[in-house]
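Scroll down for the structure; my scribbles are underneath it.
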Amino acid sequence: MIDDPARRRDDLALASALAAALASALAAALASALACSVPEYEAVDGEHLRFEHDAADRPCAGAVRSLDALVPFFADAYHRPTPPPLRYTWIAASEGPSLPFDVADPCAGEVGCSVGSHAFAEGPFDVHELAHVVYGGLSTPFFREGIAVALAPYHLNGDSLEILRGPRYPELPSDPRVWMGARADIDVDDRTAGAFVSFLLVRHGPDKFADLFDHLGALDSMVRVRAVFRGVYGVELDDEVERFLAGVPCPDEPFPLVPYECLGPEIPWGDGRWTLGTRLACDDDAVAGGLSAAGDLDLARRSVTLEVPADGAYELRLTGDPGVGARLGPCFGCPWDAEDVAVDDAQRSLTVSLRAGHHYLLLLGAARPVATVGVALEAAP
């Protein structure tokens, strides 16, 4: 099957056509339900997506630009075709945990979901749901959830300051075969799926994973999963799972599973230390997030990058208003070696061991009242 190029092309073309037809049908049904059920939404068009929100909610000035930039970033990095313009709908908190569709509810009571090229989320910056629609396809629930978590691992900590907390990769991942036969996304252990997909991407690159993903269907059995895995990777699934569970060293040249926060602009060092002082103001073009009418999702976020000049111990300090945190992590290496660190109200100063190279720094805090915050990094005494 997999080794026959002509058969593979035919199978993939048929699978793509069926997926497109199903997505089109779902989108049409969804559009009909939206016309009847959803309150008035405003729309802002980026280059790659349309951002929709309730008129009572206000996205921060950088919200659309930040999400829009992730579409080509994900598509290029993971060798997927850049999709046609997508839709991202920030569901009004006043409408409850999901859109008020009853049986036509696309999210089935969940806080977010994706249907075809349309992502729905209860927050203005849900990268998990965006990753689903950018990557596309109708693979098994395990691998659908796995790729979305691999691209946005901290989303699992919720839309709160807990997003700052790690680890990026589970310290003791569980056996992924337990969830590979799941028939619905909600039945998948997201952290395990994300860790295993990250493991495959780092070791084997994005092309083989895309081949595996596109040759599997939503209802495929474990027999089929094992056969397709063998054909794509040239090894047995069970052998690769055992390597995953045992842990392997980071390859000398791993596929770069780069956090999306690494898209932030670089802030240079000065006078032997790195500093950033800013206001997390929603009207700032560098700030993503939003102000909800209900006042319960008022998060603002800003990402920047910096170069750590040398391996060694550094002191990371947070100053300014309470209710804001910062996370620092590398833009290189393997996710199971990444030692992202965070400072917040509970611990405002931290001595950390860093490797030389490109790093990101994420600031996250309440969008109102506007917080003034400072971050400093310098070699530990």
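All of the numbers you see were taken from the coordinates with simple rules; none came from a lab. Predicted model only: the values in this text are computed from it and were never measured. Virtual Cβ from ideal backbone geometry, glycine too; neighbours counted across all protein chains shown.
Tabulated data for the structure shown
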read-out	value
Rough spin-label spacing in nm, given labels placed 7 Å along Cα→Cβ, for Asp337 and Leu350	2.0 nm
Burial ranking of peptide ranges 203-215, 71-83 (average Cβ count within 10 Å, highest at the top)	203-215, 71-83
